[in-house]
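The values are calculated or read from the model by the stated rules, or taken from the named source; none is laboratory data. Keep in mind the model is a prediction, meaning the values are calculated, not measured. Here the Cβ positions follow ideal geometry from the backbone for every residue, glycine too, while neighbour counts run over all protein chains shown.
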Amino acid sequence: MRWKNIRKSRNVEDRRGQRAGRRFGTGRPAGGGMKVGGGAGIILLLIGLFFGKDLIGPLSSGGAGIGAGTQGPTLTQGTGTTVRSNDEAADFIASILGTTETVWGELFAQAGQQYQPPKLVLFEDGVNSACGFTSSAAGPFYCPGDYKVYIDLSFFRELQKMGAGGDFAQAYVLAHEVGHHVQNLLGVSMAVQRRQRALPKVQANRLSVLTELQADCYAGVWAHHAHNRYQLLEPGDLEEGMNAAAKIGDDALMRSAGRRAHPDAFTHGTSQQRQTWLYRGLENGDHQVCDTFRDVS
């Protein structure tokens, strides 16, 4: 990827080196919500656990476009903590975050709305958020309660071990989490959370799958516009993204964990589904093609 001359986002909070732990006597703050993530649970699943805590997400309809719904707390540019110098991995992820701010800022502006960018938190081992304490083993995630994306950069080494390496694979992971932020800005997350609470587990999982696939599609929309603006992608990058999407499909992960693929337990989608929706967004560059919920009543 051609990223080194792209501005780095200032919405980065570097908590690496800080120790985080479960805070005694504190529950999830009101409105904190449940964390959502594209890579969330990969490492846990590989040691025998399922995905299954990503139960929040929007129910999009044909009439719910960018900028629809209630806006969340105001986020200001330029308030992030400077990341370490001479840190290429952090520089890369900050630059990719900067492109998401530009792309989604322009798309929201076209809809007559103002985009509120998330803050990216870099951490090690574990982190506290408005969604509670989370170990690095859970992978990258988005917390709707504080409008922040959380990433332990060591996760990308795990992707490499899984055969899903490459800079575009890493950018896809971040763009997916930003996709959850875009969904949150649409103002329908709480409606889906309420709906899931009233549904049996299998049907609630189905809504989670549709949410995750939409975030994949939004990652593709970002890639489409980022490439047009920055000539970001190089030969082989698309293949890296498709490969990463395949490696983190529920069916592939369950087989890697020595389990039989069990569709009723899927919460993120199959490898084929994730590839399909990522490519759909990348090919069209139109968020309206990302309506994974179209046929859901």
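Kindly establish whether residue 219 is free of Cβ contacts under 8 Å to residues at least 60 places away in the same chain, hydrophobic (A, V, I, L, M, F, W, C), closer than 28 Å to residue 192 by Cα and buried (at least 24 other Cβ atoms within 10 Å of the Cβ). So residue 219 fails the test. Taking into account only those residues within region 143-188 that are of a type in the set (A, V, I, L, M) and at pLDDT below 90, which is surrounded by the most Cβ atoms within 10 Å (Cβ to Cβ)? This residue is 164. Of everything in region 101-128 that's in contact with a strand residue (DSSP E or B) (Cβ under 8 Å, 6 or more places away or on another chain) and within 14 Å of residue 185 (Cα to Cα), which residue is surrounded by the fewest Cβ atoms within 10 Å (Cβ to Cβ)? Ranking the candidates gives 119 first.
Of the listed requirements (1) over 14 Å from residue 104 (Cβ atoms); (2) modelled with pLDDT of 90 or more, residue 229 misses just one: (1).
Based on what the data block shows, is residue 242 over 30 Å from residue 98 (Cβ atoms), touching a helix residue (DSSP H, G or I) at 6+ places or on another chain (Cβ under 9 Å) and buried (at least 18 other Cβ atoms within 10 Å of the Cβ)? Working first, answer last.
Values: over 30 Å from residue 98 (Cβ atoms): no; touching a helix residue (DSSP H, G or I) at 6+ places or on another chain (Cβ under 9 Å): yes; buried (at least 18 other Cβ atoms within 10 Å of the Cβ): yes.
Against the criterion (over 30 Å from residue 98 (Cβ atoms), touching a helix residue (DSSP H, G or I) at 6+ places or on another chain (Cβ under 9 Å) and buried (at least 18 other Cβ atoms within 10 Å of the Cβ)), residue 242 does not qualify.
Being closer than 22 Å to residue 175 by Cα, assigned to a helix (DSSP H, G or I) and not acidic (Asp, Glu) is true of residue 214. When the residues of region 271-295 are narrowed to those that are in contact with a Ser or Thr (Cβ under 9 Å, 6 or more places away or on another chain) and assigned to a loop (DSSP other than H, G, I, E, B), which ends up surrounded by the most Cβ atoms within 10 Å (Cβ to Cβ)? Only one residue tops the list, namely 292. Scoring residue 280 on the criteria (1) at pLDDT below 90; (2) touching a helix residue (DSSP H, G or I) at 6+ places or on another chain (Cβ under 7 Å) leaves a single failure, condition (1). All conditions in (1) surrounded by fewer than 20 Cβ atoms within 10 Å (Cβ to Cβ); (2) touching a Gly at 6+ places or on another chain (Cβ under 8 Å) hold for residue 91, with the sole exception of (2).
Name the one entry in 285, 269, 241, 249 that is at positive phi and either modelled with pLDDT under 90 or of a type in the set (Lys, Arg) (or both). It would help to see each step written out before you state the result.
Details: 285 fails: either modelled with pLDDT under 90 or of a type in the set (Lys, Arg) (or both); 241 fails: at positive phi; 249 fails: at positive phi.
Result: 269 is the single residue among 285, 269, 241, 249 that is at positive phi and either modelled with pLDDT under 90 or of a type in the set (Lys, Arg) (or both).
Polar (S, T, N, Q), crowded, with 17+ Cβ neighbours inside 10 Å, closer than 29 Å to residue 4 by Cα and in contact (Cβ under 8 Å) with a residue 24 or more places away in the chain: is that true of residue 205 in this structure?
The answer is no for residue 205.
Highlighted here are the helices (runs of 4 or more DSSP H) found entirely within region 99-208 that include at least 3 residues which are within 16 Å of the chain's Cα centre (by Cα): 155-161, 167-185. The residues of region 226-257 that are in contact (Cβ under 8 Å) with a residue 40 or more places away in the chain, assigned to a loop (DSSP other than H, G, I, E, B) and not hydrophobic (A, V, I, L, M, F, W, C), listed by number, are 231, 234, 236.
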